[in-house]
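Comments concern the structure below.
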Amino acid sequence: MTTDTTNPSKYSWKTISIYVILIGLTIYLFVQLREAKNGHTSELSQLQSQIAKQNEAQNKLQMQLNNTQKELGEYLPYKAVIRSASLRDSIYSLLPFKFGESAMVMPDSTPVVINSLSIAGNATDYSIKYVVRTKKGEYLQISPSELRK
């Protein structure tokens with residue numbers, strides 16, 4: 001009896017094809033990783049440029065804020081006067097008579113000219129009166145309800 005044993009190759013076609021597939025997959029994944037890294041780097045540089053632009057804009061706004069605060073700081077002692085004038089003007093725009101207009105004081109129909117507005121009050125009470133000039137040159141404080149056109 002003779003036994004013919006042929007020496008099979010060390011690696012079969014099946015094993016070789018698995019190695020080839022694994023090497024190909026490894027190369028494919030390496031290429032994908034490299035592309036992802038390049039994309040990440042470009043996005044990172046875009047974000048850094050956006051941050052730089054935003055920092056520049058923030059610095060400009062901070063400089064404008066500082067300049068405005070310096071300018072407004074000069075008016076800080078007059079804050080109460082400015083608020084009072086603003087309140088007076090907002091109330092004045094709602095009233096029926098304007099400065100320089102002619103009106104009549106009721107009930108005696110005395111003609112007067114509106115000269116200014118007097119607003120007085122405290123935390124619980126206030127009054128609004130027109131300062132009017134009569135024909136005789138006298139100045140009177142009259143409630144808006146006592147005047148007619």
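Looking at the range 99-127, which of its residues are in a loop (DSSP other than H, G, I, E, B) and either within 21 Å of Glu138 (Cβ to Cβ) or touching a helix residue (DSSP H, G or I) at 6+ places or on another chain (Cβ under 8 Å) (or both)? Within the range 99-127, Phe99, Gly100, Glu101, Met106, Pro107, Asp108, Ser109 meet the criteria. Among the residues of the range 66-74, is any surrounded by 10 or more Cβ atoms within 10 Å (Cβ to Cβ), touching a strand residue (DSSP E or B) at 6+ places or on another chain (Cβ under 9 Å), of a type in the set (Ser, Thr, Tyr) and modelled with pLDDT of 90 or more? No, the range 66-74 has no match at all. For Leu87, indicate whether it is over 30 Å from Tyr130 (Cα atoms), of a type outside the set (Asp, Glu) and not assigned by TED's automatic domain parsing to the domain that holds Val131. Considered against the rule, which asks whether it is over 30 Å from Tyr130 (Cα atoms), of a type outside the set (Asp, Glu) and not assigned by TED's automatic domain parsing to the domain that holds Val131, Leu87 comes out as no. The single residue among Ile128, Ile119, Ile91 that is surrounded by 13 or more Cβ atoms within 10 Å (Cβ to Cβ), at pLDDT below 90, among the β-branched types (Val, Ile, Thr) and within 30 Å of the chain's Cα centre (by Cα) turns out to be Ile91.
Answer yes if at least one residue in the range 42-55 is modelled with pLDDT under 95 and more than 34 Å from the chain's Cα centre (by Cα), and no otherwise. No, there is no match, as no residue in the range 42-55 is modelled with pLDDT under 95 and more than 34 Å from the chain's Cα centre (by Cα).
Please verify whether Ala85 is in a loop (DSSP other than H, G, I, E, B) and closer than 30 Å to Gln141 by Cβ, treating the condition exactly as stated. No.
The values are calculated or read from the model by the stated rules, or taken from the named source; none is laboratory data. This structure is a prediction, so every number in the text was calculated from the model and none was measured. When we count neighbours, we look across all protein chains shown, and the Cβ atoms used for this are built from the backbone with ideal geometry, even at glycine.
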